[in-house]
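Notes follow once the structure below has been shown.
The values are calculated or read from the model by the stated rules, or taken from the named source; none is laboratory data. Note that this is a predicted model, so its numbers are computed, not measured. Cβ sites come from the backbone with ideal geometry, for glycine too, and all protein chains shown count toward neighbours. We work out accessible area using only protein heavy atoms, side chains counted, and drop any ligands, DNA or RNA first. Shrake-Rupley method; radii C 1.70, N 1.55, O 1.52, S 1.80 Å.
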Amino acid sequence: YQILGYFADSSSKLKEEFLKAADKLRESVTFGHTSNADVLKKKGYSDDIVLLRPKKYWNKFEPNEVKYAGSADKDEIKEFVKENYHGLVGHRTHDNHDDFKAPLIVAYYDVDYVKNVKGTNYWRNRIMMVAQKYKDQVHFAVSNKDKFSAEVEDYGLSPKGDKPIIAARNEANQKFNMKEEFSIENFEEFVKKFLDGSLEPHLKSEPLPEKNDGPVKIAVAQNFQELVTDNDKDVLIEFYAPWCGHCKKLAPTYEELGKEMEGENVEIVKMDATANDVPPPFEVHGFPTLYWVPKTHKSSPKKYEGGRDLKDFVSYISKHATEELKGYERTGKKKSKEEL
């Protein structure tokens with residue numbers, strides 16, 4: 001893609017703002033400009049900014065060139081570039097995937113703009129037939145199914161044959177997949193259901209544990225609501241990764257804490273965040289991540305930032321528990337036999 005500036009007046013305000021926008025976006029977008037009278041005459045432009053789509057992306061659903069209609073303002077120019085850069089159905093790669101914000105629907109298939117432009121556009125055009133109707137409500141993209149194999153798996157999809165497989169993500173970060181075989185009719189039906197909220201989200205989850213009666217309860221995506229969100233106890237939950245050294249170090253202490261809280265109105269829970277989807281509003285960017293979930297404020301969990309010795313955990317829970325613990329005072333001091 002190229003953003004070209006045609007300026008009859010080489011000292012115009014539009015050119016000045018164009019250059020500022022170009023400076024801000026130079027890492028990811030190619031800009032060029034000219035004030036050559038012959039070129040301007042040939043192109044029919046005087047003071048204009050134009051986005052040119054590469055020939056391989058040309059299609060009958062959108063223009064090959066998009067003219068900027070805003071004012072001489074660098075932020076407006078930047079916004080124009082961002083909004084139009086990828087077009088109706090963008091080619092989403094590992095380099096640019098951050099450009100594609102939710103709500104987003106992606107078609108995964110053998111996308112190859114080097115060796116198979118015709119085949120790639122055959123399916124992209126079919127996606128576009130539907131996308132043009134819903135472009136104001138959701139973003140669309142195509143991605144290579146092999147290069148995004150981990151993501152495809154994450155959506156619970158497995159490629160079969162040449163037809164695209166379809167996944168979607170909404171603004172609440174929930175994932176959805178199209179279970180039916182690709183056809184224009186099935187795809188449009190999926191888009192409609194995605195937009196009206198009638199699709200069932202896809203949850204990556206380990207199987208439910210056969211036994212779950214230990215001092216530390218095991219959460220998976222399937223039982224998370226029951227064990228954490230709907231639990232009528234306060235909950236301390238650890239999100240861990242099996243390969244994480246700090247998590248392994250914490251494991252025996254966490255088990256001990258589970259035993260210490262038996263009989264209390266507090267549930268100690270752990271979940272493998274690499275094998276299960278972590279539901280909002282929980283955010284996990286490193287391991288281990290712990291959250292305190294009071295039974296009266298399930299929708300606003302609090303990140304646990306305290307120490308990781310047994311004493312630290314007990315002291316924190318004693319202080320923050322909704323009801324005072326049976327075995328500990330609010331200060332974290334163990335209650336005497338008389339008090340018990």
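Some points to look at:
- Residue check for ALA21: modelled with pLDDT of 95 or more and of a type in the set (Gly, Ala, Ser): yes
- Being under 32 Å from the mean Cα position of the chain (by Cα), loosely packed, with under 15 Cβ neighbours inside 10 Å and at pLDDT below 95 holds for only one residue in LYS60, LYS82, LYS115, and it is LYS82.
- Qualifying residue in region 94-112 (condition: in contact with a helix residue (DSSP H, G or I) (Cβ under 9 Å, 6 or more places away or on another chain), open to solvent by less than 20 Å² (accessible area, probe 1.4 Å), within 13 Å of GLN2 (Cα to Cα) and in contact (Cβ under 8 Å) with a residue 12 or more places away in the chain): no
- Counting only residues that are touching a Phe, Trp or Tyr at 6+ places or on another chain (Cβ under 8 Å) and part of a helix (DSSP H, G or I), region 206-249 holds 2 of them.
- Count - residues of region 24-42 that are open to solvent by 30 Å² or more (accessible area, probe 1.4 Å) and among the hydrophobic types (A, V, I, L, M, F, W, C): 3
- For region 160-219, the set of residues classified as touching a residue at least 40 places away in the same chain (Cβ under 8 Å) and touching a His at 6+ places or on another chain (Cβ under 7 Å) consists of LYS175 only.
- Residue within region 283-305 that is touching a Gly at 6+ places or on another chain (Cβ under 7 Å) and touching a residue at least 12 places away in the same chain (Cβ under 8 Å) present: no
- With respect to being open to solvent by 10 Å² or more (accessible area, probe 1.4 Å), among the small types (Gly, Ala, Ser) and under 30 Å from LYS133 (Cα atoms), GLY197 fits the description.
- Residue within region 255-271 that is closer than 22 Å to ASN223 by Cα and either among the polar types (S, T, N, Q) or in contact with a Ser or Thr (Cβ under 6 Å, 6 or more places away or on another chain) (or both) present: yes
- Scanning region 261-274 for residues that are buried (at least 20 other Cβ atoms within 10 Å of the Cβ) and either of a type in the set (Phe, Trp, Tyr) or more than 33 Å from the chain's Cα centre (by Cα) (or both) gives a single hit, MET261.
- A Cβ distance below 6 Å, combined with a sequence gap of six or more or placement on separate chains, defines the contacts here; from region 34-53, residues that are β-branched (Val, Ile, Thr) reach residues that are loosely packed, with under 15 Cβ neighbours inside 10 Å in the pairs VAL50/GLU65; VAL50/LYS67.
- Number of the exception - ALA172 against (1) at pLDDT 95 or above; (2) touching a Pro at 6+ places or on another chain (Cβ under 7 Å): (1)
- Counted residues, region 132-143 - those being open to solvent by less than 20 Å² (accessible area, probe 1.4 Å) and either farther than 18 Å from LYS82 by Cα or assigned to a loop (DSSP other than H, G, I, E, B) (or both): 2
- Pair list, Cβ < 6 Å and 6+ apart or interchain, from region 122-136 residues that are farther than 16 Å from ASP112 by Cβ and charged (D, E, K, R) to residues that are in a helix (DSSP H, G or I) and open to solvent by less than 80 Å² (accessible area, probe 1.4 Å): ARG126/ILE184
- Restricting GLU188, GLU180 to those that are out of contact with any Leu (no Cβ under 6 Å at 6 or more places or on another chain), among the acidic types (Asp, Glu), over 30 Å from ASN265 (Cβ atoms) and assigned to a helix (DSSP H, G or I) reduces the list to GLU188.
- Test for ASP154: is it farther than 22 Å from ARG53 by Cβ, in contact (Cβ under 8 Å) with a residue 12 or more places away in the chain and open to solvent by 80 Å² or more (accessible area, probe 1.4 Å): no
- Condition check for THR274: more than 23 Å from ALA321 (Cβ to Cβ), touching a residue at least 12 places away in the same chain (Cβ under 8 Å) and among the hydroxyl-bearing types (Ser, Thr, Tyr): yes
- Subset of region 292-316 that is surrounded by 15 or more Cβ atoms within 10 Å (Cβ to Cβ) and in contact with a strand residue (DSSP E or B) (Cβ under 6 Å, 6 or more places away or on another chain) - its residue that is farthest from ALA251 (Cα to Cα): LYS295
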